[in-house]
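Note sheet for the following structure.
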Amino acid sequence: MYFRGWSTLIGDMGYALSRLEIDPDYSDNESVGDDNDSHQSSSQNDVDPEVAQLTKLKSAPHDGLKRVLPRRGEFDVSPVKMLAGREGNYSGRGKFSLADRCHMLNKYLPVKGPSIVDQLTTRAYVSQFSKDGSLFVAAFQGSHIKIYNAEMGWKLHKKIVAESLRWTVTDTSISPDKRFLIYSTMSPIVNIVNIGSAGTESHANVTDIHEGLEFAADDEEGYAFGIFSVKFSNDGRELVAGSSDDSIYVYDIEAKRLSLRIQAHTSDVNSVCFADEASNLIYSGSDDNLCKVWDRRSIRSKGKPVGILTGHLEGITHLDSRNDGRYFISNGKDQTIKLWDIRKMSSNAARAPISRNYEWDYRWMDYPFRARDVKHPSDQSVATYKGHSVLRTLIRCYFSPEYSTGQRYIYTGSHDSCVYVYDLVTGARVARLVHHKSTVRDCSWHPYYPMLVSSSFDGDIAKWEFPGNGENPIPVNNSRPRRQYYD
């Protein structure tokens, strides 16, 4: 199937299909886009050969399937040829491998739509699928968190009214067994909620117990800080968090106590994540422009990171691990995503002088034009991706799912109200999803299906798919009152 011009309004269905742009040389060389759009990605990557090879191994078809026709082999094998090759047992296995499957599914990216899952009159800050994709959580400014059952027609599973709220819900995480949700705000308390309990409404300590997990030490009574990022460990027994007091925290859920605090950076720690399933390595990103790697097995004895990665010119808003203990990506206020290989890290931060002859605050100013092509003199990143906008808030980026894409893509929200999808190896912009009317802070790609959900400061939770599942979407209510944004 080919992507063609879908910039249309389907009035008789009661909802609007937003403009979709797919860059040239994608999807069997069929080009679809908006000729008037000049916001193009400027990513030019000479990516590390090992990254390219690993990505190819995860998403390239078997050599036998590439030679269905008696002439030369083809890397971009069409679905028809792939199916014919499987039936003819060209690979010698009689079935698709994981890489064959990813090659097939990579042709069906979640770029059609969107349909609207929900609409609120307050900013949406967080959107995340559970690990198995059955649940979806969206968190809003104004204390509301909603959990939807993605396998039951997006029926509301739980509506949570948050406790200990300061400003907004900053992050959420669903436990691996889907029994619990944790949420953080601009306070030193992380709340944990049993989302498997009966009833849809979960009002903090009224209809449900929201247990507060205290991250401030006993001797810091009255000391206030906020938590920007919090994640469950892969076994669900611990939490890792990054905070506004420049620290990383590890909390033992079973013991109900703080097990580790690391004075990690010299500014806010905006994002933390575990490196792999073992949960021994932790990545952190901060407003001090640095990414750091921490080994929990040696922190107590050494008190230092095992490595530091330099390359961003401004603060880091989000990290995502490839879950292999080697590669991760970071979103930066210098308007770039960077790909890192921790084998290239150094023991100390490079302190080469960086000339910054301008005043800039990402919370209310546009990024200076003259700074857009500046490169850090000691950049240790493997690749850099540009084209999106990181302003006003901690915008998030991710690897695409391993099951369906072989992690071939990187995707991110953007201050210009769009979702961007980049090719990991080439850096090319694969797609730009246009619907929202304000900043897209977060977005989440379903771990198994061609489905992506974006959340925006306009209050919309929008679902993108390919080719669509036949469900009737919620009509877009363009007449509802909108709040004014100081963007």
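The values are calculated or read from the model by the stated rules, or taken from the named source; none is laboratory data. Given the structure is predicted, the values throughout are model-derived calculations rather than measurements. As a convention, Cβ positions derive from the backbone with ideal geometry for all residues, glycine included, and neighbour counts pool all protein chains shown. The area values use the complete protein model at the heavy-atom level, side chains included, leaving out ligands, DNA and RNA. Shrake-Rupley method; radii C 1.70, N 1.55, O 1.52, S 1.80 Å.
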**Q.** Failed item, numbered, when ASP416 is tested on (1) free of Cβ contacts under 8 Å to residues at least 60 places away in the same chain; (2) outside any strand (DSSP E or B); (3) not hydrophobic (A, V, I, L, M, F, W, C)
**A.** (1)
Q: Determine, yes or no, whether ALA99 is closer than 21 Å to PRO401 by Cα, at pLDDT 75 or above, among the small types (Gly, Ala, Ser) and open to solvent by 20 Å² or more (accessible area, probe 1.4 Å).
A: no
Q.
Any residue that is open to solvent by 20 Å² or more (accessible area, probe 1.4 Å), assigned to a strand (DSSP E or B) and not polar (S, T, N, Q) - is there at least one of those in region 392-404?
A. yes
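Each row is one residue, and each column tells you yes or no for (1) closer than 19 Å to ALA124 by Cβ; (2) modelled with pLDDT under 75; (3) touching a Phe, Trp or Tyr at 6+ places or on another chain (Cβ under 6 Å).
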{"residue": "THR168", "(1), (2), (3)": "yes, no, yes"}
{"residue": "ARG179", "(1), (2), (3)": "no, no, no"}
{"residue": "ALA198", "(1), (2), (3)": "no, no, no"}
{"residue": "GLY212", "(1), (2), (3)": "no, no, no"}
{"residue": "ASP218", "(1), (2), (3)": "no, yes, no"}
(Q) Considering only residues that are in contact with a Lys or Arg (Cβ under 8 Å, 6 or more places away or on another chain), more than 20 Å from LEU319 (Cβ to Cβ) and surrounded by 24 or more Cβ atoms within 10 Å (Cβ to Cβ), which ones fall in region 410-434? (A) CYS418
Q: Please work out which one of (1) of a type outside the set (A, V, I, L, M); (2) at pLDDT 95 or above; (3) assigned to a loop (DSSP other than H, G, I, E, B) is the condition CYS443 fails and give its number.
A: (3)
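Yes/no per residue for (1) within 30 Å of GLN263 (Cβ to Cβ); (2) out of contact with any Asp or Glu (no Cβ under 6 Å at 6 or more places or on another chain):
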{"residue": "PRO305", "(1), (2)": "yes, yes"}
{"residue": "ASN323", "(1), (2)": "yes, no"}
{"residue": "LEU339", "(1), (2)": "yes, yes"}
{"residue": "ARG372", "(1), (2)": "no, yes"}
{"residue": "THR405", "(1), (2)": "no, yes"}
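Using the structure shown, decide if SER267 is open to solvent by 10 Å² or more (accessible area, probe 1.4 Å) and without any contact (Cβ under 8 Å) to a residue 40 or more places away in the chain. Outline the logic, then answer.
Working: open to solvent by 10 Å² or more (accessible area, probe 1.4 Å): yes; without any contact (Cβ under 8 Å) to a residue 40 or more places away in the chain: no.
In short, no.
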Q) If TRP360 satisfies every condition in (1) surrounded by fewer than 19 Cβ atoms within 10 Å (Cβ to Cβ); (2) of a type outside the set (Ser, Thr, Tyr); (3) at pLDDT 95 or above but one, which is the exception? A) (3)
Q. Taking region 236-264, which residues are open to solvent by 40 Å² or more (accessible area, probe 1.4 Å) and of a type outside the set (D, E, K, R)?
A. ALA255, LEU258, GLN263
